[in-house]
Each structure stands twice: as C-alpha cells, then as structure tokens.
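Everything below concerns the one structure shown next.
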Amino acid sequence: MSEEVTPAAGARASAIPRPGEVFDPVARALDVVGDKWTLVLVRHLLNGPRGFQELRQRTGIAPRVLSNRLRQLAAAGFVASEEGEGHRSVYVATERATDLEPIIASIARWYVHHAVEDLDLDIQQFTETSPLSILESLPFLLRDDRARRANVTFELRLTGEGGGVWSIHIRDGQCRVEPGFASGADVRYTADARIWCAVALGLLDARDAAKRGLLAKEGGREAMDPYFHQLARPQKADSFHDAEGAPAE
C-alpha cells in the first residue's frame, strides 16, 4: 500500500484568502475607477472642458453627488479645474484620465452590441432622451464594417426641444461629432428632434419617416443610419408608429 501523504508539520491548511491578499489587476483597477460616475464623468470630459452645469446636463447627476465625485476625481488625479471663458471654472481630463479612453469605449461598445439580444434592453425608456446624449454617443454606435473605408460628412438640423445643428464626420472607421454647420456636407438632414432620436434608436425607419414628411434629406445618396448600430428590435419599433398615430408598414 502507498504511504498516506499528510501535510507537513506547521503548514497552514488551504484557506480562502482575504480580497486584499490577492493580486488581481482587474480588482485593483476597479478599486480606483470602479464607481459608476468616475468613468461617466471622465467620458464626458474626454470630449473637452465642461462646466458644472454642463456635466449635470449630460449626466443627470444630482448637484451634491456631482460635487463630491469631482472632488474625489481631482484628488485621484483624473480631473483638474481651470479657468474657462468668462472666468468661469471648468473641469478637464488629465493625462491619467485620457489613458482610460479605450476602456470607456470598449465598455460602451460592449453594451451596444449586447444590450438588445443578451440583456433584453427596454428601448422605450429612451423615447424621451435628449438628442445631445444620442449625438455624443454616435462614436460608440458606429458600425466598424461600414465605416472602415468611409469618408463622408453629414449635417443634422434638429428643430423643437433639444434642437440645434451638428456635423457628423465619418473618416476611416472613426466618427467625430461637432456642434455647428458642416461646410461642404455630403448630406443634410432636417427633422424634429424627437423624430430624429426615434430614427437613431431604430424606433422609426428613416425611409418611412421621409415618406411621411417627418424627415427631410438633401444632397447625395449617402444615408446616415446604415453607419450606426440601432438598438430597437423590429417589433419594438411598432410602438413609436402607434404613438405617432400611424401604423407600422
């Protein structure tokens, strides 16, 4: 018979370590950036300096929570405060925060790719969302296969609540969204802000909106919607048509 193996004298029996005793780079990183608002606020500051109210408008975060998070981010070296136009204070992303950009983009794209099928996203919760929030999310919604060799500029003119004018540039697999008119735009769209939001989310078909006179398009044959992922399932899109008083075709 083989000799039974027993633990050496003084050896500690196998035990579950405390979290602090484990070196796990993912866990250690999340200790630093794991709070939801850290990545959300850094995401918006990566697009340029923002004032306190601008950050509130883009995130919906309560004033006290925002003030606390900005202090924490400044202490951790992710955010700095500087003087902007009109001597107002604005917040800017530091170099340490800029290093988080690919992580933020990957999280956003993971959500876009999996939200509908895997997470059963209720797209109806976004029917009243702001056009600005969708526009600033377009880089995360970009379809890599369609945009890889693209070189096109769209101008978007939105009326009604949340309206304005934006330029959307798609170049070699990248999307850049800027406020203002687009000089030499390939295509110009005009629509009510809520209608365009429904088209962008996939709740309303762009061609159907154009047929019904809800969306006007000028310029070349290029269309904006094929370049972006849309979140709504076809059956969920019907409810927007019903709400507008016209059946889905």
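Coordinate-derived values only; no laboratory data. Because the structure is predicted, anything quoted here is derived from the model rather than measured. Using ideal geometry, Cβ is built from the backbone for each residue, glycine included, and neighbour counts are taken over all protein chains shown.
Brief remarks follow.
- Computed from backbone phi with θ = phi - 60° and the Karplus coefficients 6.51, -1.76 and 1.60, the 3J(HN,Hα) list for region 174-182 is 10, 10, 10, 10, 9, x, x, 6, 9 Hz; x is used for glycine and proline.
- Placing a pseudo-label 7 Å from each Cα along the Cα-to-Cβ vector at Val165 and Ala15 gives an inter-label distance of 7.0 nm.
- Sequence-ordered 3J(HN,Hα) estimates for region 84-96 from the Karplus curve with 6.51, -1.76 and 1.60 and θ = phi - 60° stand at x, 5, x, 6, 8, 7, 10, 10, 10, 7, 7, 4, 4 Hz, glycine and proline given as x.
- Taking all Cα-Cα distances within region 127-244, those exceeding 17 Å account for 53%.
- Theoretical gain in end-to-end length, Ala108 to Asp208 [0.36 nm per residue, Cα-Cα removed]: 33.1 nm
- Taking the average, over residues, of other Cβ atoms within 10 Å as the packing measure, peptides 201-211, 18-28, 54-64 rank 201-211, 54-64, 18-28 from highest down.
- Distance histogram for region 21-99 (every C-alpha pair counted, 5 angstrom bins, percent rounded to whole numbers): 3, 15, 28, 24, 15, 7, 4, 3, 1, 0, 0
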